[in-house]
Amino acid sequence: MSASFSRSFTIEGRDFLNAGRASTQIKTILKELSVDPAIIRRVAIASYEAEMNVVMYATRAKLKFTMSASAINLEIDDEGPGIPDITLAMQEGYSTATSQMRELGFGAGMGLPNMKKNSDEFVIESAVSKGTRLTMTIYIN
Amino acid sequence: MLREIREILSADMCTGEEHLDMRIQFGSASDLMSDVLAFSRSGALLLTGLMNVQTIQTAFIADISAVVFVRGKRPTDEICALAKEKRIPLLSTPYSMYEACGRLYSKGLLSTMKPVCEGTVQEEE
Ligand SMILES: Nc1ncnc2c1ncn2[C@@H]1O[C@H](COP(=O)(O)OP(=O)(O)OP(=O)(O)O)[C@@H](O)[C@H]1O
Ligand SMILES: [Mg+2]
């Protein structure tokens, strides 16, 4: 395969109608490239959890998907309120989701721990009133 | 097979008749998409009372093989179209979540999870 393959997506906050589009496209690309289905599932879940968080909590974000021969990288950089206490946000069950989000089936406080579980490298950085940046890497071999 | 699941649940097929010969070994039930993303496994059946576009998106992302809506809920045309596009069969059963799960479990459809001990959850091997 060529050195690396990259795609960028824009995710709009509050846009519940299109929520999941970027991750769906990433999943479709990986299927076409015949990547191991177990790897595809981990990438898709990590990407979708991050995408849903942007839709639920942030204003907008850029999602950059990069694939090399050895790894898949997801970088989600959002403009938004940021996360004041990352340790707390990383705990299973911690959520500030509204009742509207819960009605859609989200807001169990499982997203960030699940992203970490599905990635081999997980980095979260956040600045209050500015935004949050997630970097996740999943090894291919 | 999906065909047997349809019979056991007296379910109507909303979309995906062409997948009736699909083999399904595991089942999961939840109205929480967060849980589906965290605890389901590839190829599992999903029983849910949650009827919206996100249910289908989540099922696709988590490699759910087919979705059963409980208590006679019928998916809208928009939801059916999305499921068709993603090749996920949709069924609608008149039974409650409790009864639908009980029927499938007693007929041998396995769970996707081991019992939870002291707050930890383990996936079946
Ligand atoms: N991009 C973000 N910007 C601002 N706050 C965020 C962002 N992502 C997460 N948070 C905060 O961290 C909390 C925990 O996030 P996490 O994804 O683990 O759970 P959740 O989104 O509340 O529920 P679930 O992911 O299970 O649907 C959120 O409720 C929110 O307060
Ligand atoms: Mg989340």
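The values are calculated or read from the model by the stated rules, or taken from the named source; none is laboratory data. None of the values given here were measured: they were computed from a predicted structure. Here the Cβ positions follow ideal geometry from the backbone for every residue, glycine too, while neighbour counts run over all protein chains shown. The protein model used for the area step is the full one, side chains on, heavy atoms only, and it has no ligands, DNA or RNA in it. Shrake-Rupley method; radii C 1.70, N 1.55, O 1.52, S 1.80 Å.
When the range B:31-54 is examined, which residues are found to be within 7 Å of another protein chain (Cβ to nearest Cβ) and either more than 20 Å from B:Lys84 (Cα to Cα) or among the hydroxyl-bearing types (Ser, Thr, Tyr) (or both)? Residues satisfying the conditions are B:Asp31, B:Leu32, B:Ser34, B:Asp35, B:Leu37, B:Ala38, B:Ser42. Looking across the range B:1-27, the residues that are part of a loop (DSSP other than H, G, I, E, B) and not small (Gly, Ala, Ser) come down to B:Met1, B:Leu9, B:Leu20, B:Asp21, B:Met22, B:Arg23, B:Ile24, B:Gln25.
Does the range B:107-125 include one or more residues that are exposed (fewer than 12 other Cβ atoms within 10 Å of the Cβ), at pLDDT 95 or above, more than 16 Å from B:Ile64 (Cβ to Cβ) and out of contact with any helix residue (DSSP H, G or I) (no Cβ under 7 Å at 6 or more places or on another chain)? Checking the range B:107-125: not a single residue is exposed (fewer than 12 other Cβ atoms within 10 Å of the Cβ), at pLDDT 95 or above, more than 16 Å from B:Ile64 (Cβ to Cβ) and out of contact with any helix residue (DSSP H, G or I) (no Cβ under 7 Å at 6 or more places or on another chain). Identify, please: which residue in the range A:62-100 is closer than 22 Å to A:Ile40 by Cβ and of a type in the set (A, V, I, L, M, F, W, C) and is, among those, surrounded by the fewest Cβ atoms within 10 Å (Cβ to Cβ)? Within the range A:62-100, the match that is surrounded by the fewest Cβ atoms within 10 Å (Cβ to Cβ) is A:Ala69.
Condition check ((1) over 22 Å from B:Gln54 (Cβ atoms); (2) away from ligand 1 (no atom under 13 Å from the Cβ)) across all residues:
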| residue | (1), (2) |
| --- | --- |
| A:Lys27 | no, yes |
| A:Ala38 | yes, yes |
| A:Asn53 | no, no |
| A:Ala71 | yes, yes |
| A:Glu79 | yes, no |
| A:Ala127 | yes, no |
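Restricting B:Ile79, B:Ile61, B:Ile88 to residues that are crowded, with 24+ Cβ neighbours inside 10 Å and within 14 Å of chain A (Cβ to nearest Cβ) narrows the list to B:Ile61. Of note, A:Ala46 does not satisfy the criterion of being out of contact with any His (no Cβ under 9 Å at 6 or more places or on another chain), in contact (Cβ under 8 Å) with a residue 24 or more places away in the chain, farther than 23 Å from B:Leu50 by Cβ and within 14 Å of ligand 2 (Cβ to nearest atom). Among the conditions (1) more than 6 Å from ligand 1 (Cβ to nearest atom); (2) farther than 22 Å from B:Ser40 by Cβ; (3) of a type outside the set (S, T, N, Q), A:Arg102 misses just one, which is (2).
Checking each residue of the range A:101-124 against the condition of being surrounded by fewer than 21 Cβ atoms within 10 Å (Cβ to Cβ), polar (S, T, N, Q) and more than 14 Å from ligand 2 (Cβ to nearest atom) gives no match. Of the residues making up the range B:31-61, just one is touching a Lys or Arg at 6+ places or on another chain (Cβ under 7 Å) and within 16 Å of ligand 2 (Cβ to nearest atom), namely B:Ile61. Only one of (1) facing another protein chain (nearest Cβ under 8 Å); (2) open to solvent by 10 Å² or more (accessible area, probe 1.4 Å) is not met by B:Arg23, so which one is it? Every condition holds for B:Arg23 apart from (1). Taken over the range A:108-120, residues that are more than 7 Å from ligand 1 (Cβ to nearest atom) and either assigned to a loop (DSSP other than H, G, I, E, B) or within 15 Å of A:Val55 (Cα to Cα) (or both) amount to 2.
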